[in-house]
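Colleague: Below are the structure tokens for one structure; questions will follow.
The values are calculated or read from the model by the stated rules, or taken from the named source; none is laboratory data. In this text the structure is predicted, and so the values were computed from the model without any measurement. Here the Cβ positions follow ideal geometry from the backbone for every residue, glycine too, while neighbour counts run over all protein chains shown.
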Amino acid sequence: MQKIIAFTGSNHSNSIHQQLLNLAVEKIVENEVTMLNLSDFPLPIYSLDIEAKGIPQEVYQLKEEFVKHDAIIIATPEHNGSMPAYLKNVIDWLSRLVPAKSPFFGNEAKPILLMSTSPGPTGGATNLNTMAELMPWWGGDVKGTYSLGSYFEKVIDGKLTPATDQELTDLIKRFEAQL
């Protein structure tokens, strides 16, 4: 049994990405999942001036959470075609704990599942593609991506439409099989 850490790159209190992540995590049957809330690790906006005063303890605590797990699921919004500043800030801080081009999710590459959704038809696909390209630099081995467009047409009263439910079930099965 592998230990998976799952979190969203959104800091919105009613995030559809958190809702998507919850629906996905419910489908994990063969592994243990820890849901991580990044807001439990409040970080200032990264700057060299702040780093010169010392890396915040929360960065070390967050890194330890990643080290303790074997795989990662990230559900993140797309802001203007890219990852949200909230998630990028976490990445920036984590990157300061290791030498350049070294993995910061742990000592070796971790299997990663990237997900995104949006009310619009593209479902954050541009950001997913960018993150998938960057993930190897950060210590991630992308095993799959999932873009759910038209969220409010495919998730009704907190439940997935049958076709979407099957897509997500199949995705999670494939991800678990690769762990």
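Colleague: Of all residues in the range 99-129 being within 30 Å of Lys154 (Cβ to Cβ) and of a type in the set (Ser, Thr, Tyr), which is nearest to the chain's Cα centre (by Cα)?
Modeller: Ser116
Colleague: Do any residues in the range 90-102 that are exposed (fewer than 12 other Cβ atoms within 10 Å of the Cβ) have Cβ atoms under 7 Å from those of residues that are assigned to a helix (DSSP H, G or I) and of a type outside the set (A, V, I, L, M), where the two are at least six apart or on different chains, and which pairs are they?
Modeller: Pairs found: Lys101/Trp137.
Colleague: For a quick check of your reading of the model, give me the residue pairs whose first member lies in the range 150-179 and is closer than 18 Å to Ala75 by Cβ and touching a residue at least 12 places away in the same chain (Cβ under 8 Å), whose second is of a type in the set (S, T, N, Q) and in a strand (DSSP E or B), with beta-carbon atoms closer than 6 Å and at least 6 apart or on different chains.
Modeller: Listed by first residue and then by second, the contacts come to Tyr151/Thr117.
Colleague: Right, something else. Do you know which residues across the range 122-173 are more than 18 Å from Pro111 (Cβ to Cβ), of a type in the set (A, V, I, L, M, F, W, C) and in contact with a Lys or Arg (Cβ under 9 Å, 6 or more places away or on another chain)?
Modeller: Once the filter is applied, which keeps residues that are more than 18 Å from Pro111 (Cβ to Cβ), of a type in the set (A, V, I, L, M, F, W, C) and in contact with a Lys or Arg (Cβ under 9 Å, 6 or more places away or on another chain), the range 122-173 yields Leu148, Leu160, Ala163.
Colleague: Further question: Return yes or no: is Glu26 at pLDDT 95 or above and surrounded by 15 or more Cβ atoms within 10 Å (Cβ to Cβ)?
Modeller: So Glu26 does not fit the description; no.
Colleague: Determine which member of the set Leu94, Leu62, Leu87 is closer than 24 Å to Tyr146 by Cα, in a helix (DSSP H, G or I) and modelled with pLDDT of 95 or more.
Modeller: Sole residue among the options that is closer than 24 Å to Tyr146 by Cα, in a helix (DSSP H, G or I) and modelled with pLDDT of 95 or more: Leu87.
Colleague: Show the residue pairs that are 6+ apart or on different chains and have beta-carbon atoms under 8 Å apart, the first residue being within the range 1-23 and under 17 Å from Ile172 (Cβ atoms), the second being of a type in the set (Asp, Glu) and part of a strand (DSSP E or B).
Modeller: Qualifying pairs under 8 Å: Met1/Glu32; Gln2/Glu32; Lys3/Glu32; Ile4/Glu32.
Colleague: Moving on. Report yes if some residue within the range 5-24 is assigned to a strand (DSSP E or B), closer than 18 Å to Leu128 by Cβ and among the aromatic types (Phe, Trp, Tyr); otherwise report no.
Modeller: yes
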